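Before any comments, here is the structure.
The numbers here are math on the coordinates, done by the rules we state, and not lab data. Please read all numbers here as calculations on a predicted model, not as lab measurements. Here Cβ is always computed from backbone atoms with ideal geometry, including for glycine, and neighbour counts include all displayed protein chains.
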Amino acid sequence: MSETQTPVQGTTAAPGEPGAQELAGRYSRSMIGVFGTPQRVLVRGEGTRVWDADGKEYLDLLGGIAVNALGHAHPDVVAAMTKQAGTLVHVSNFFATPTQIELAERLLQLAAAPEGSGVFFTNSGTESNEAAFKIARRTGRPRILALENSFHGRTMGALALTHKEAYRVPFEPLPGGVEFLPAGDIAALEAALAPGDVAALVLEPIQGEAGVLPLPEGYLRAARELTARHGALLILDEVQTGVGRTGEWFAHQRTGGVVPDVMTLAKGLGGGFPIGAVLTFGEHATGLLSPGQHGTTFGGNPLGAAVSLAVLGTIAEDDLLGNVRTLGGRLQAQVSELAGRDARITGVRGAGLLQGITLAAPIAPQVVAAALEAGFILNAANPTTLRLAPPLIITGEELDSFVEALPALLDRAEQAAADTTDEKRS
Ligand SMILES: *Cc1c(COP(=O)(O)O)cnc(C)c1O
């Protein structure tokens with residue numbers, strides 16, 4: 001298709017607006033191909049809904065991968081963003097701003113962080129984990145423990161903590177000293193910590209990218225006790241699980257009494273605006289980075305801070321944590337009930353509004369494609385797991401509509417999988 005061609009036939013784009021097919025062509029000619037072919041071109045969102053360039057509506061059950069905590073174009077976010085954009089957007093970290101200070105205080109309060117704790121702001125999850133990695137290095141100890149199936153981001157330090165070889169190996173050598181342990185194996189953890197030379201254990205309370213895998217019962221508590229005993233930091237990556245996603249402000253708060261040394265956040269923190277944070281708990285962890293040892297140009301800018309304060313404020317005022325807990329339980333019950341009648345569904349796992357629906361056959365990508373056709377956005381966290389991470393404002397009726405549609409989506413996915421097998425054979 002040439003650059004001058006106007007919307008292709010069959011699209012319902014508004015006159016003068018480029019259609020989906022034209023935009024897809026321009027995308028592939030202008031973007032580095034790391035994301036594959038985009039499934040749709042989206043042009044607008046409101047609440048839990050988004051619309052594509054052809055005018056088709058979708059229920060967003062993925063929330064931009066656990067990011068759009070308040071959905072799309074939430075009035076509180078729009079108001080905070082607009083007000084702050086007209087007041088002060090960026091000043092650099094040579095200066096402080098009231099919104100930044102307020103957000104730091106609010107996060108420490110929500111995390112019930114003790115006196116002497118601190119916050120460092122970033123712009124993404126991977127940057128939060130880079131900072132955590134540097135904090136771990138400052139202990140002076142050489143080894144860092146991470147878990148099998150972990151995902152911590154794509155920059156070099158975070159990548160070194162990420163288990164998946166396909167992500168990691170093409171970029172070696174990575175920062176060294178990282179070892180991977182099987183999640184849930186307390187004896188292996190104890191053995192790894194025993195020499196007393198471990199700087200930190202890094203883990204996700206629920207491994208989101210690997211397929212919504214919750215940590216085995218008792219492991220987080222054991223990890224806290226053992227790291228404390230052996231003088232290692234416990235670094236919790238709550239980039240995906242934080243900010244209300246699991247029905248508590250932070251997922252580790254579901255395990256009473258567990259307080260990390262470091263917690264990393266991003267995704268839901270800005271409700272779509274790129275902002276991340278690292279929280280250090282107590283004076284020891286907070287003192288590990290001294291002046292000049294870390295920095296950021298954009299991190300903690302007043303615009304991001306104002307938006308994040310609005311997101312946190314609305315989650316609290318509208319009791320969205322309550323909504324998440326209620327709907328998470330309801331979704332789990334409904335999917336379990338469905339699994340009892342439909343052998344193609346093997347179960348559901350996760351917490352709150354971070355749920356993985358597991359399938360008997362590796363057809364999750366085909367289910368995602370069928371769902372998209374039917375007007376639902378979700379993703380395949382792995383070949384047998386459908387991930388749901390909808391906006392925290394979603395309603396029970398909206399979730400019901402997906403659960404009701406699921407058997408028919410599985411029919412279509414099975415058909416699509418069979419068709420591809422036939423094509424491969426012929
Ligand atoms: C998404 C994610 C990251 C990386 O966040 P980016 O903002 O994409 O850099 C890190 N850790 C976890 C647990 C994540 O889910």
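For D54, what charge total do you get from the other residues with a beta carbon under 14 Å from its beta carbon, if Lys and Arg give +1 and Asp and Glu give -1?
Charge balance in the 14 Å sphere: -2.
Which order do the peptides 51-64, 80-93 take when ranked by the mean count of other beta-carbon atoms within 10 Å per residue, highest first? Mind dumping the intermediate values first?
Numbers: 51-64: 19.8, 80-93: 14.4.
Per-residue Cβ counts within 10 Å, averaged per peptide and sorted highest first, yield 51-64, 80-93.
Could you tell me the distance between the Cα centroids of region 46-83 and region 386-426, to the nearest Å?
21
Taking the highest mean first, how do the peptides 30-43, 356-369 order by number of other beta carbon atoms within 10 angstrom per residue?
Result, highest mean first: 356-369, 30-43.
Let me know the shape class of region 78-317, please: from the alpha-carbon gyration tensor, a ≥ b ≥ c as square roots of the eigenvalues, rounded when a/c is under 1.5, otherwise prolate if a/b is greater than b/c, or oblate.
The shape class here is prolate.
Positive end of the dipole of region 75-177, charges at C-beta (+1 Lys, Arg; -1 Asp, Glu), about the Cα centre: which of G157, L110, S128 has its Cα farthest in that direction?
Highest projection toward the positive end goes to G157.
Would you mind calculating the gained length between I186 and E423 on full extension (0.36 nm times residue separation, minus the Cα-Cα distance), in nm to one decimal?
Stretched out fully, the I186 to E423 stretch lengthens by 80.6 nm.
What number comes out for the charge environment of Q355, summing +1 per Lys or Arg and -1 per Asp or Glu over other residues with Cβ under 9 Å away? Walk me through the intermediate numbers first.
Values: positive: R349, R387; negative: none.
Net of charged neighbours comes to +2.
Roughly what % antiparallel, to the nearest 5, for the DSSP beta bridges in the chain?
65
Under 10 Å from the Cβ of V43, count the other residues' Cβ atoms, weight Lys and Arg +1, Asp and Glu -1, and hand me the total. Intermediate values should be presented prior to the final figure.
Details: positive: R40, R44; negative: E17, D52, D54.
Here the charged neighbours net out to -1.
If I take R0 = 56 Å and measure r between the Cβ atoms of E414 and T87 in this structure, what FRET efficiency does the formula 1/(1 + (r/R0)^6) give, to the nearest 0.05?
So the FRET efficiency works out to roughly 0.55.
What size of dipole, in debye to the nearest 20, comes out for region 78-317 about its Cα centre when the only charges are +1 on Lys and Arg C-beta atoms and -1 on Asp and Glu C-beta atoms? Display every interim value, and only then the final one.
Numbers: 16 positive and 22 negative charges, 71 e Å.
Dipole about the Cα centre, nearest 20: 340 debye.
Return the FRET efficiency for the residue pair A333, F94: r is the Cβ-Cβ distance, R0 is 51 Å, and the value is rounded to the nearest 0.05.
Values: r = 53 Å, r/R0 = 1.03.
Given R0 = 51 Å and the Cβ-Cβ separation, E is 0.45.
Once the Cα atoms of helix 320-341 and of the chain are each reduced to a long axis, what angle between those two axes, in degrees from 0 to 90 to the nearest 10, is obtained?
Between helix and principal axis, roughly 60 degrees.
What pairs in K134/K267; K164/K424; K56/K83 have C-alpha atoms more than 25 Å from each other?
Violating the 25 Å limit, Cα to Cα: K164/K424; K56/K83.
Using the Cα centre of the chain as the reference point, and only Cβ charges (+1 on K/R, -1 on D/E), how large is the resulting charge dipole? Debye, rounded to the nearest 20.
For this selection, approximately 740 debye.
Rounding to the nearest 10 and keeping the result within 0 to 90°, find how far the Cα-based axis of helix 219-229 lies from the longest principal axis of the chain.
20
For region 332-385, what log10 I(q)/I(0) values come out of the Debye formula at q = 0.20 1/Å, with one point per alpha carbon and no solvent?
Result of the Debye calculation: -0.72.
Under a crude label model (7 Å from the Cα following the beta-carbon direction), how far is R229 from R26 in nanometres?
The answer from the label model is 6.1 nm.
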